[in-house]
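K.L.:
Below is the structure I would like to discuss, written out as structure tokens.
Read-outs: derived from the displayed coordinates by stated rules, not from any lab. Bear in mind that the values here come from a model prediction, so they are computed numbers and not experimental data. Cβ placement follows ideal geometry from the backbone for every residue including glycine, while neighbour counts extend to all protein chains displayed.
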Amino acid sequence: MSVAQSPPPRLQMRGITKRYPGVVANNHIDLDVKAGEIHALLGENGAGKTTLMNVLFGLARPDEGEILLDGQPVQIADPADAIARGIGMVHQHFMLIPVLTVAENILLGAETMANPIFLDRREARRRITELGKRFGFEIDPDARVGSLSVGWQQRVEILKALYRQARILVLDEPTAVLTPQETVEIFAVLRRLAAEGQSIIFISHKLYEVLEIADRITVIRRGEVVGTRQPSQTNEDELAELMVGREVQLAVERGTSHPAEPVLTIENLKVRSDRGQEAVRDVSFSVRAGEILGIAGVAGNGQDELIEAITGLRRSAGGTVSLTGQDITSWSVRERREHGLGYVPGDRQKYGLVLGFPISDNLVLTQYYNRPFARGIQREDAAIEKWARDRIEQFDIRTPSWAASAGNLSGGNQQKVIVAREFSRDLKALVLDQPTRGLDVGSIEFIHKQAIRKRDDGTGILLVSAELDEILELSDRIAVMYRGEIVALVDGRPTANKEEIGLLMATGGRAPAEQPPNGGTSGQTETATDMPVKGAKS
Amino acid sequence: MISRPRSYVGLLVVPALSILLALLVASVIIIASSLIGPEKKINLLLPLVAYRSLLAGSFGNFKGIANTIVAATPLMLTGLAVGVGLKAGLFNIGATGQVLMGGFAASLTGVLLTGASPWIAIPAALLVGMLAGALAGFIPGFLKAFTGAHEVVTTIMLNALVQLLVSGLVNDVFRAPGFSFARTAPVGNAELTGVAGTNLHFGVIFALVCIPISYWLLWRTTVGFEIRAVGANPTAALYAGMKPRRTMMLTMSICGAFAGLAGAIEVLRLGYYPAVFGTSIGFDGITVALLGQSHPFGIMLSALLLGAMRAGAPLMQIQARVPVEIIDVIQGIILIFLAAEIVVRKIFRLRTPQEGTGELQTITRTYGEKVVG
């Protein structure tokens, strides 16, 4: 970059302060982004990244501070104003209409008109194709968005911003829904965009990613900038410490496992999805006592159905599930639980908690009918309260009271409530579904440590996660699930190879699948496009 | 951000303000009604006169108070019939049908036990009424659990069904001879007669006992825990090993039993079952439950309030010449303000609670949703 006679940065945010009742979400935040720069914004959930971007996008008005574009102070009134000034936002959850074409989605809200009544579709298509060519990801404007893979849908979102002549692109956790391969591809796209002079703000809480993609990294903690680093001068440990404010053990000591007899055995299991399709096809494996078996796979490849069949929430269409040698295939959820099966659900707000209930009730949600929590049908409030106090202390749940509603807790503390409930029993087998999704580094560390401890107590753990890194970090063995089948079962680290597993997740180990809908001028292979887009449900 | 659990004061604010607003709006209507009164001119003081006589009629003397309690008795029960259902995420609009079932069954029991002593006849008739109401509640509960049919639709249809079925039976099979209109034979010793020169009767005790029992059931038992968990988050209840379908059927049966008891009390008070048993207590239960925030003690208070208005209305009509129908108007406006809670919060600049699904959300939320389990 030629920064001899440096022009003013494309974007400067100076002393941005935003207060909400009781909190200072942003406290004198300074951020500057140069033309052609990829600037990562790193911080835990609730650190103030979103508030800062809302200020930039005109969704929130700062109490103090100013925003300068190319050195000129500006007032951003609302999102329309932000777009007009060349700021584009790509949300984590795509704002696309699946039944419309790429061109129609892009035009929505920024219609190119031939005359006051009709759209100029030809001109729109021409511009979309041209933009794609220029930035290296040509796409068929007439493809239906619903038929595109998640990775390509994201590119449509980026095109949407570019079509509106964005010069500053904000990407909110863009890799959360992508496979490792898709992540590599989107990084290539971002680098190309930067090379063409785009400024990119890349929001993430994944350390290795920002180190890989960013030119500079600004770390935010509790609404304040705690440091700006260049990737070459820092490392994951330092960034984590900046982010959390204390030293963090990023990779938990997994130690050696001592697997014993199988506790959870799945044989020829077949499960149908809600739509009646075979989501789990003839799957067999077993989890041994004292080991963690990780199931890697892109979301929507049958993991949900598999877990539901194991935990009893869904009937299987064939095959058996056994727990310590007993066939539990037709048992109820409660019978399975009483026999020593624990379950941390992937969607903690939908399945794991009753948000309106106090923490204490949530901590006994699965055992409320047992002594000492009940005597006959009468609840024993004193016992429930004591249990809650103990769990809160032991699992470090941050709350002023056991009587506070679960809905008032942060995501990390909500998950701790579930973990406290499920881990505080004698278990034979434990199913962990996305146990750390959306959590901050500190909570992830805590939950990983608890899982290892439970393993060392002799529980067989089945871990399902869309985060390959989490699978690699915790698992003693790794199964890769692709389109309802286990396509590979390999040993965990140190022998496991991330790239290899990533490829298996994306292709199932078969020959590269079909090309992207435009014929693939980007030269990259793309995974099958009919994969259910299920991604993030949190 | 962490807040304390919703306090009782917080629960009372919106209902209290809704009542206040409803009285204000009704004042305007009362003032307008003075135009069609005997003097044919605007009387700005008329609302005060009307409300004063309403108060005098309902709480002015012992007899008034007794009338208030008697009018509130069935409302408490139908209030519970709706309120307990809301706790389980079920909107029971079928209280009307359950009331008729309960009343009809109780009247037949009374006829059957004509010779028995009141100590046997009354409890037996009330119990049979409750069971009949529970059956009428069980049907929509069963349909919801096993076919997914929404209880709002099925209970409305059942209301019409029960009404026509029962009046058909009274007109034909069970018609007592010797009366100028279709009715059943007298219930005999099962009749709930007033005591101590007032309208107070033994049924009041049964209704009052139901209030603490439902509180105990909902908050002190594992069954109530299941009801509330299924209502607040059915998928989490399922995950936790509860049986939402069973809980739904059980809850609807309990609701029906409360409504059935209300109907039994009303019919036994009357002494027979008329072919057309016109009563609004079923639908009034919805107002009572929402005004009482589905809390048993709240339901008791709001039933007393509505009962007082019913009991005081005749005196208001005599003294202020404001028609008794204004009570229905006030009740309707209260319901509107409760339903439009957000409007009330805007008017009084109250902060909206962050979490928790209120009773009204339950009503709309479950519509068209697949039943879990």
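K.L.:
Calculate the radius of gyration of the Cα atoms of region B:57-204 to one decimal place, then report Dmax, the largest Cα-Cα distance, as a whole number, both in Å.
P.N.:
17.3, 52
K.L.:
Normalising by the residue count of region A:353-425, find the relative contact order in percent from Cα pairs under 8 Å and 6+ residues apart.
P.N.:
It comes to 41 percent, rounded to a whole number.
K.L.:
Still on this structure, please answer the following. Give, as a single signed number, the net charge of other residues whose beta carbon lies under 10 Å from the beta carbon of B:F225, with Lys and Arg counted +1 and Asp and Glu -1.
P.N.:
Values: positive: A:R379, B:R220, B:R228; negative: A:D361, B:E226.
Local charge sum for B:F225: +1.
K.L.:
If N is the number of residues in region A:13-135, what value comes out of its Cα radius of gyration divided by 2.2 N^0.38 Å? Please report the intermediate quantities before stating the final value.
P.N.:
Working: Rg = 17.7 Å, N = 123, 2.2 N^0.38 = 13.7 Å.
Cα-based Rg divided by the globular estimate yields 1.29.
K.L.:
If you take the C-alpha gyration tensor of region B:220-291, multiply each eigenvalue by 5 and take the square root, what semi-axes do you get, largest first, in whole Å? Show your work: numbers first, answer last.
P.N.:
On the way: eigenvalues 219, 32, 20 Å².
The three semi-axes for region B:220-291 are 33, 13, 10 Å.
K.L.:
Follow-up. Let me know the volume per residue of the alpha-carbon convex hull for region B:137-178, in Å³. Mind dumping the intermediate values first?
P.N.:
Values: hull volume 2.9 nm³, N = 42.
So the per-residue hull volume is 68 Å³.
K.L.:
Work out the mean other chain Cβ neighbour count within 10 Å for the residues of A:340-352 and drop it here as an integer.
P.N.:
Across A:340-352, the average partner-chain Cβ count within 10 Å equals 2.
K.L.:
What pairs in A:K206/A:K350; B:K243/B:K346; A:K386/B:K144 have C-alpha atoms more than 32 Å from each other?
P.N.:
B:K243/B:K346; A:K386/B:K144
K.L.:
On to the next question. About its Cα centre, what dipole magnitude does the protein assembly as shown give when the only charges are +1 on Lys and Arg Cβ and -1 on Asp and Glu Cβ, stated in debye to the nearest 20?
P.N.:
Roughly 2700 debye for the protein assembly as shown.
K.L.:
Let me ask another. How are the alpha carbon pair distances in region A:11-244 distributed across 5 Å bins from zero to the largest one, expressed in percent?
P.N.:
Whole-percent P(r) values from 0 Å outward: 1, 7, 14, 18, 19, 16, 12, 7, 4, 1, 0, 0.
K.L.:
Answer with one residue from A:G412, A:F423, B:G307: the one whose Cα lies farthest towards the positive end of the charge dipole of the protein assembly as shown, charges on Cβ with Lys, Arg +1 and Asp, Glu -1.
P.N.:
B:G307
K.L.:
Sticking to Cα atoms, compute the Rg of region A:353-425 to one decimal and its Dmax as the biggest Cα-Cα distance, whole number, in Å.
P.N.:
11.3, 35
K.L.:
Measuring from centroid to centroid over Cα atoms, what is the spacing of region B:124-172 and region B:20-84 in Å?
P.N.:
Cα centroid of region B:124-172 versus Cα centroid of region B:20-84: 32 Å apart.
K.L.:
A further question follows. Put +1 on the Cβ of each Lys and Arg and -1 on the Cβ of each Asp and Glu in region A:11-244; which of A:M13, A:G43, A:L211 then has its Cα farthest toward the positive end of the dipole?
P.N.:
Selected residue: A:M13.
K.L.:
Moving on to the next point. Across chain B, what fraction of all alpha-carbon pairs, as a whole percent, falls in each successive 20 Å bin from zero upward?
P.N.:
Taking every Cα pair in chain B, the percentages come to 28, 55, 16, 0.
K.L.:
Mind checking the angle between helix A:180-195 and chain A's longest principal axis? C-alpha axes, 0 to 90 degrees, to the nearest 10.
P.N.:
20 degrees
K.L.:
Continuing with this model, one more query. What would the Debye equation give as log₁₀ I(q)/I(0) for region B:160-279 at q = 0.11, 0.17, 0.19, 0.22 Å⁻¹, counting only Cα atoms as equal point scatterers?
P.N.:
With one equal scatterer per Cα and no solvent, log10 I(q)/I(0) is -0.57, -0.93, -1.02, -1.17.
K.L.:
Quick one: putting +1 on the C-beta of Lys and Arg, -1 on the C-beta of Asp and Glu, what dipole do you get for chain A around its Cα centre, in Debye to the nearest 20?
P.N.:
Values: 64 positive and 73 negative charges, 183 e Å.
Rounded to the nearest 20 debye, it is 880 debye.
K.L.:
Give the average, rounded to an integer, of partner chain Cβ atoms located within 10 angstrom of each Cβ in B:235-248.
P.N.:
6
K.L.:
In straight Cα distance, which lysines are under 23 Å from A:K133, not counting same-chain residues fewer than 8 positions off?
P.N.:
A:K160
K.L.:
Where q = 0.06, 0.10 Å⁻¹, what log10 of I(q)/I(0) comes from the Debye formula for chain A, counting one point per Cα?
P.N.:
Scattering profile of chain A, log10 relative to I(0): -0.33, -0.90.
K.L.:
Relative contact order for region A:11-244: what is it in percent, counting Cα pairs under 8 Å that are at least 6 residues apart? Walk me through the numbers on the way to the answer.
P.N.:
On the way: 447 pairs, mean separation 69.2, N = 234.
Relative contact order for region A:11-244 comes out at 30 percent.
K.L.:
For B:219-225, what's the mean count of beta carbons from other chains sitting within 10 Å of each residue's beta carbon? Present the calculation step by step, with values, prior to reporting the outcome.
P.N.:
On the way: counts 2, 6, 6, 11, 4, 2, 12.
So the per-residue partner count for this stretch is 6.
K.L.:
May I ask which residue of A:I29, A:G132, B:C210 lies farthest towards the positive end of the charge dipole of the protein assembly as shown, with charges of +1 (Lys, Arg) and -1 (Asp, Glu) on Cβ and the Cα centre as origin?
P.N.:
Farthest towards the positive pole: B:C210.
K.L.:
Normalised by the number of residues in chain A, what is the relative contact order in percent for Cα pairs under 8 Å and 6+ residues apart?
P.N.:
16 percent
K.L.:
Could you give me D for region B:233-357, from Stokes-Einstein at 10 °C and 1.306 mPa s, where the hydrodynamic radius is the Kirkwood radius over C-alpha pairs? Units µm² s⁻¹, please.
P.N.:
Translational diffusion coefficient: 89 µm²/s.
K.L.:
Hey, another quick one. For region A:276-399, report the % of Cα-Cα distances exceeding 21 Å. Walk me through the numbers on the way to the answer.
P.N.:
Values: 4027 of 7626 pairs.
Tail of the P(r) past 21 Å holds 53 percent of the pairs.
K.L.:
Under a Cβ-only charge scheme (Lys and Arg +1, Asp and Glu -1), can you give me the dipole magnitude of region A:222-324 about the Cα centre, in debye to the nearest 20?
P.N.:
Dipole size: approximately 420 debye.
K.L.:
Please work out, to two decimal places, the log10 of the ratio I(q)/I(0) at q = 0.12, 0.14 Å⁻¹ from a Debye calculation in which every Cα of region A:237-315 carries one identical scatterer.
P.N.:
-0.55, -0.67
K.L.:
What does DSSP give for chain A in terms of the percent of beta bridges that are antiparallel, rounded to the nearest 5?
P.N.:
Values: 45 of 81 bridges.
Counting only bridges with both partners in chain A, antiparallel ones make up about 55 percent.
K.L.:
Still on this structure, I have one more. Dividing the alpha-carbon radius of gyration of the protein assembly as shown by 2.2 N^0.38 Å (N being the number of residues), what value is obtained?
P.N.:
Rounded to two decimals, the normalised Rg is 1.13.
K.L.:
Between region A:199-234 and region A:410-485, what's the alpha-carbon centroid distance in Å?
P.N.:
Computed from Cα coordinates, the inter-centre distance equals 27 Å.
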